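**Q** Can you keep this structure in mind? I'll have questions shortly.
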Amino acid sequence: WLRVAWDIYCRNLEEQPLLTKASMASLIFFSSDSATQYISSYNTTNSSDRNIAFVWDAPRALSGASFGVVATTWLHYWWGFLEYAVGARLPVAQYRLSNTFIKVLADQVIGAPLYIYGYYVTTSFGKAVATTNDLSKTWSETTHKANQMLWPTMLQHWKLWPFVHALNFYFAPIHHRVLVQNTVLVGWSGYLSHLNNRQLMTPAQEIKVTIIRRETELKME
């Protein structure tokens, strides 16, 4: 059945590449976010309360799925551009290693920050829209949060993705590269969802917490 599923995927990828890639990414983000919700709920609930029914946050999962569509559309055209632009200067057949290095560098310096920023804006705004009518205030809060979360998240991003994409750009054909990314996204999208909803401490928050902690220590001396 795996062979049959692979053949169906490849056929759809050839006939409708963008729709196929976006559908897969949307499903991955939706499933990963839902699983993250359950795991986070289980880990933060006391053992005596674990018989309480799990409450699924549908807007959160759906906002993640919507980002899967947006991100895949962006990657479809962005990676296509990189393949053309870098390949024109450094043909893969002659300069495979250099070609890969330049594409990874450009992707991590330009593409990755836009991807991460877009994730926080799309998912936070999409979730908030379901519970508020003040879109202007929601948009302002969303972009502020995205600005605060971008750098700390990028530091985590660069521990994994440059290596993934080095292998991806070097070995995988261009039409299968989004699939490789989506496979790794099974775990990474859950991690992003956890950061977005549990919140990674931003530099400003770290400074504030450090000051409060220090003041508390001085009062106790």
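**Q** Of these, 66, 47, 40, which one is modelled with pLDDT under 85 and open to solvent by less than 80 Å² (accessible area, probe 1.4 Å)? If you could, list the steps in order and put the result at the bottom.
**A** Values: 66 fails: modelled with pLDDT under 85; 47 fails: open to solvent by less than 80 Å² (accessible area, probe 1.4 Å).
None of the others qualify; the one that does is 40.
**Q** Out of (1) open to solvent by 70 Å² or more (accessible area, probe 1.4 Å); (2) closer than 29 Å to residue 160 by Cβ; (3) touching a residue at least 40 places away in the same chain (Cβ under 8 Å), the odd one out for residue 131 is which?
**A** Checking residue 131 against (1) open to solvent by 70 Å² or more (accessible area, probe 1.4 Å); (2) closer than 29 Å to residue 160 by Cβ; (3) touching a residue at least 40 places away in the same chain (Cβ under 8 Å), the one that fails is (2).
**Q** Go through segment 87-138 and count every residue that is aromatic (Phe, Trp, Tyr) and farther than 26 Å from residue 155 by Cβ. Lay out the reasoning, then the answer.
**A** Step one: list which residues in segment 87-138 are aromatic (Phe, Trp, Tyr), which gives 95, 101, 115, 117, 119-120, 125.
Narrowing the set further to residues that are farther than 26 Å from residue 155 by Cβ leaves 95.
Total satisfying the criteria: 1.
**Q** Here's something else I'd like to know. Would you check if there is a residue in segment 73-81 being open to solvent by less than 20 Å² (accessible area, probe 1.4 Å) and out of contact with any strand residue (DSSP E or B) (no Cβ under 6 Å at 6 or more places or on another chain)? Show your work before the answer.
**A** Residues of segment 73-81 open to solvent by less than 20 Å² (accessible area, probe 1.4 Å): 75, 79.
Right, trim to out of contact with any strand residue (DSSP E or B) (no Cβ under 6 Å at 6 or more places or on another chain) and you get 75, 79.
Yes, segment 73-81 has at least one match.
The rows are residues; the columns are (1) surrounded by 11 or more Cβ atoms within 10 Å (Cβ to Cβ); (2) within 18 Å of the chain's Cα centre (by Cα); (3) over 16 Å from residue 123 (Cα atoms).
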{"residue": "10", "(1), (2), (3)": "yes, no, yes"}
{"residue": "14", "(1), (2), (3)": "no, no, yes"}
{"residue": "21", "(1), (2), (3)": "yes, yes, yes"}
{"residue": "25", "(1), (2), (3)": "yes, yes, no"}
{"residue": "28", "(1), (2), (3)": "yes, yes, no"}
{"residue": "36", "(1), (2), (3)": "yes, yes, no"}
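**Q** If you take the residues in segment 83-109 that are assigned to a helix (DSSP H, G or I) and of a type in the set (Gly, Ala, Ser), which one is most open to solvent (accessible area, probe 1.4 Å)? Don't jump to the end; show me each part of the working.
**A** Within segment 83-109, the subset assigned to a helix (DSSP H, G or I) is 83-89, 96-109.
Next, only the ones that are of a type in the set (Gly, Ala, Ser) stay: 85, 87-88, 98, 106.
Numbers: 85: 37, 87: 21, 88: 74, 98: 55, 106: 24 Å².
By that ranking, first place goes to 88.
**Q** Which is of a type in the set (Gly, Ala, Ser) and over 14 Å from the mean Cα position of the chain (by Cα), of 85, 71, 112? Before you say what the answer is, go through the steps one by one.
**A** Numbers: 71 fails: over 14 Å from the mean Cα position of the chain (by Cα); 112 fails: over 14 Å from the mean Cα position of the chain (by Cα).
None of the others qualify; the one that does is 85.
The values are calculated or read from the model by the stated rules, or taken from the named source; none is laboratory data. No experiment lies behind these values; they were computed from the predicted model shown. All Cβ positions, glycine included, derive from the backbone under ideal geometry; neighbour counts span all protein chains shown. Remember, those area values only see protein heavy atoms, side chains included, never the ligands or the DNA or RNA. Shrake-Rupley method; radii C 1.70, N 1.55, O 1.52, S 1.80 Å.
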